[in-house]
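In what follows, a single structure is set out as structure tokens and then discussed.
The values are calculated or read from the model by the stated rules, or taken from the named source; none is laboratory data. Since the model is a prediction, treat every value here as computed from it, not as a measurement. We place every Cβ from the backbone using ideal geometry, glycine too, and count neighbours over all the protein chains shown. We work out accessible area using only protein heavy atoms, side chains counted, and drop any ligands, DNA or RNA first. Shrake-Rupley method; radii C 1.70, N 1.55, O 1.52, S 1.80 Å.
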Amino acid sequence: MEKVLEVKGLSKQYAKVLAADKVSFDISPGEIFALIGPNGAGKTTTIRMISTLLTPTDGDAIVAGYSIKKDPAKVRESITYLPDEAGAYKTMTGIGYLKFMAGLFTSDPKQMNEYIERAKSINGLGERLNDKIGSYSRGMIRKLLLSRAVMNRPKLAILDEPTSGLDVLNAIEIRKTIKRLAAEEKMSFLLSSHNMLEIEFVSDRVGIIAKGHLLVTGATAELKERYNAENLEEVFERVVKDNEIL
Amino acid sequence: MKFFNLLQKELKELINAQMIMGFVLVMVLFFVLSSVMTDTISEAVKQEYNITISDQDDTEFTRNMLSELEKDGNHIRRIDTEGDDYAAFLKDNDLKGLVIIPKGFTESIESSDKPEIISIISMKSASMMSNLNTENSGTIEVLRKYISDSYSENLGISDDDIEFMEKPVTITEKTVVNDRWADVSASSVTGRIMLQSAILPIIIFILIIMTSQMLVNAIATEKIDKTLETLLSAPVSRTAIIGAKMLAAAIVAMLQAVVYTVGFSTLMAKSMFSVSGDMMSNMETMSDEVTNAMSEATGSLMSVSEGMTRLGLSLSIADYLLVGVQLFLTILICLSVSIMLGALVNDSKSSQTIMLPLMMAAMIPYFISLFADVNSMPMALRVLIYAIPFTHTFTAMPNLMFGHNGVFWFGIIYQLLFFLVCMFFALKLFNSDKILTVSLNFGQKSKLRKNQKQYTDE
Ligand SMILES: Nc1ncnc2c1ncn2[C@@H]1O[C@H](COP(=O)(O)OP(=O)(O)O)[C@@H](O)[C@H]1O
Ligand SMILES: [Mg+2]
């Protein structure tokens, strides 16, 4: 089947740092792919380039057949992006926020309603949706934002650190939702996380990134076997040692 | 449709409790300011009539003098004082000014010595308004007139002779503006213009600051909450995103402009009616009456507003429209600059700091327009001040009034160009990834460094 995302030698040079160095990987439909690596590894930079927010200094990425360089507007129609540690408009109500965001993706009122209903059923916030977002807890905001990111069934949902800063129960709920949407609705996800233990439970395949280099990609089980490791953290440790990165 | 969605959201964000609070605060400020002005001025006017005199001499002559004054319609309050503890006199009687006729006054007159009158004024501040209260000159002039009358009687000199001696020449004041002239004194015209156009600069100043702060905050909050990234990755054009933000801020600003102008001019009109009706005529008749009473030159003076129309100093509807256009351009400049400034902010603290340049750009021409005439400054300074685009907004009304049309139109064109250039860069900023990567951190720990710190901690 055709890939949802093909990343080809994507690089980003900031004034001083080379934050991404020829990063390449791909994602198939219905797959959950996670970029894992410590803080400052270049995950957000890579993700922002794919989300058309940053212009790559080299390389390209093809999202649902469109180049992020040549056709960024088309790419934006195929993706949704949930920034790392994102907030929402505090003075809006949850439902107001969903309406506003739905209005950015479609101008058809019927479709807008469908999106909102779907988001409601996914986030499970119920009556609290009528309250101002300013009164929400972190976990509630994350659930609201996640439901918004998947309400229009994008070809690729890009979630930067979707569980960071959440307590265990909320994190589990978010992970379950992502897994269910991929399994039942064949949605594709690009995630990132600096928590390598946790990501094992969600992702089908992972890419290990450090200092801007994508070192290896592969299915979780396969990587553990290849590096003779108990978990992804150990895999990371060995990969980094092998590549003499740190 | 999507643009409408964006605009609606921006408007809802801007019209919040905080904005309404600011709105109310400004109105209260206006109200207090104008009623303070009204009060001090009308009090001053009242005070002029209320003469407080302490007659330490207390002779037949002084008693006669005072009762004559009362017959002329002056309200005289008499108090008893003794010695020379002047501060205590004012304090004990709760006075701002006092005239003392000291012991030996009548004697001096009878022996044809020059008699003495003591005028005491309490000075509480150097402010113009507060010193209006404490003018004793009216009282003294009236006394002087009475005394010279009695001298002339004593010495057998006619009133005409005295008048001629005191004022050997009659001064008729005329004011010239460009090629027109009128029978009004320049000082009374200045007074009227100051009162009239005190409104506009304050409104312009508040508008510039509030509009900019509004938009800078709107963008800064979106950056900090990362809702901006979400917006920028959504399938809407970035021009629509900025457009909606600017339009919403412009609508709110214009709304404020209209409310402030209407509100403030009603307040001013009210105080003008009660004060200027009184004050303008009084200030004039008072000082003129008092100083010119003997010269009889008053008759030829025309009213100030009549004079101003004659001088071409009143603005036509077209002029007001032009001032409105300029105000709109000013707001557009604020918006385009604020968009760029907002993009530089990465935390809530710097959103205050970043306002500083804009604040200065509004403050400098505001104060200069209050205290000086830019057009008569040395060339280099004038160029420098007119390079600040907001200066043209503050000088628009006086420039139109005094027929400096060239400077006015230059200002409009300059502001238009300035806006277009700023807008060009603002759009460029939003259409590149600079909007997310530029930042000023003002020496604070940047987010990036914090990230790296965490990295080494783990
Ligand atoms: N706007 C920027 N300007 C300069 N350097 C940046 C910027 N954003 C990130 N970096 C640097 O790029 C590197 C990668 O950062 P990032 O992509 O945020 O990492 P991660 O998301 O994996 O934590 C870091 O060294 C960071 O300091
Ligand atoms: Mg990151």
* Roughly how crowded by other chains is peptide A:9-15, in terms of the mean Cβ count from those chains within 10 Å of each of its Cβ atoms? -> 1
* Using the scaling law 2.2 N^0.38 Å as the reference, what is the normalised Cα Rg of chain A? -> 1.00
* Considering amide H positions built from the backbone, and no H for Pro or chain starts, which residues 5 or more places from B:Met377, or on another chain, come under 5 Å of its amide H? -> none
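Strictly over 20 Å apart at the Cα level, which of A:Lys99/B:Lys434; A:Lys99/B:Lys245; A:Lys90/B:Lys245; A:Lys12/A:Lys186 would you flag in this model?
A:Lys99/B:Lys434; A:Lys12/A:Lys186
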* Asked: By the scheme Lys and Arg +1, Asp and Glu -1, what is the net charge of all other residues having a beta-carbon under 15 Å from that of B:Ala88?
  -> -4
* Structure fact -> Non-local residues with an amide H under 5 Å from the amide H of A:Ile158, with H modelled 1.01 Å from N and Pro and chain starts lacking one, are A:Thr80, A:Tyr81, A:Leu82, A:Leu190
* Structure fact -> Carbon plus sulfur, as percent of the 1.4 Å-probe accessible area of chain A, comes to 49
* In nm, to one decimal, how far is the modelled label at B:Arg144 from the one at B:Val176, with both set 7 Å along Cα→Cβ? -> 3.0
* Asked: With each pseudo-label sitting 7 Å past Cα toward Cβ, what's the A:Glu85-A:Glu233 distance in nm, one decimal?
  -> 2.2
* To do: Using protein chains only (no ligands, no nucleic acids) and a 1.4 Å probe, work out which residues of segment A:83-100 have their accessible area cut by at least 50 Å² relative to the chain alone.
  => A:Tyr89, A:Phe100
* To do: Provide the per residue accessible area, probe 1.4 Å, for segment B:323-365, rounded to a whole number of square angstrom.
  => 35
* **Complex-versus-alone comparison for segment B:226-252, residues with a loss of 50 Å² or more in accessible area, probe 1.4 Å** => B:Lys226, B:Thr227, B:Glu229, B:Thr230, B:Ser233, B:Pro235, B:Arg238
* To do: Among the listed pairs A:Lys74/A:Lys179; B:Lys9/B:Lys223; A:Lys120/A:Lys176, give every one whose C-alpha distance is greater than 23 Å.
  => A:Lys74/A:Lys179
* To do: Could you name every residue in segment A:103-141 that has 50 Å² or more less accessible surface in the full protein assembly than in its own chain alone (probe 1.4 Å, ligands and nucleic acids excluded)?
  => A:Leu104, A:Ser107
* To do: At 1.4 Å probe size, with no ligands or nucleic acids counted, give the accessible surface of B:Phe418 in Å², nearest ten.
  => 60
* Structure fact -> Fraction of alpha-carbon pairs in segment A:77-177 farther than 24 Å apart, rounded to whole percent, equals 14
* Asked: Counting each DSSP H run of 4 or more residues in chain A as -39500 (n - 2.57), what helix-only mean residue ellipticity at 222 nm follows after dividing by all residues, to the nearest 500 deg cm²/dmol?
  -> -11500 deg cm²/dmol
* Using a 10 Å cut-off on Cβ atoms, rank the peptides B:19-29, B:253-263, A:186-196 from the highest mean neighbour count down. => A:186-196, B:253-263, B:19-29
* Average accessible area per residue (Å²) across segment A:1-110 - probe 1.4 Å, nucleic acids and ligands excluded -> 37
* What is the interface area between chains A and B, defined as buried accessible area summed over both chains with a 1.4 Å probe, reported in Å² to the nearest 100? -> 2800
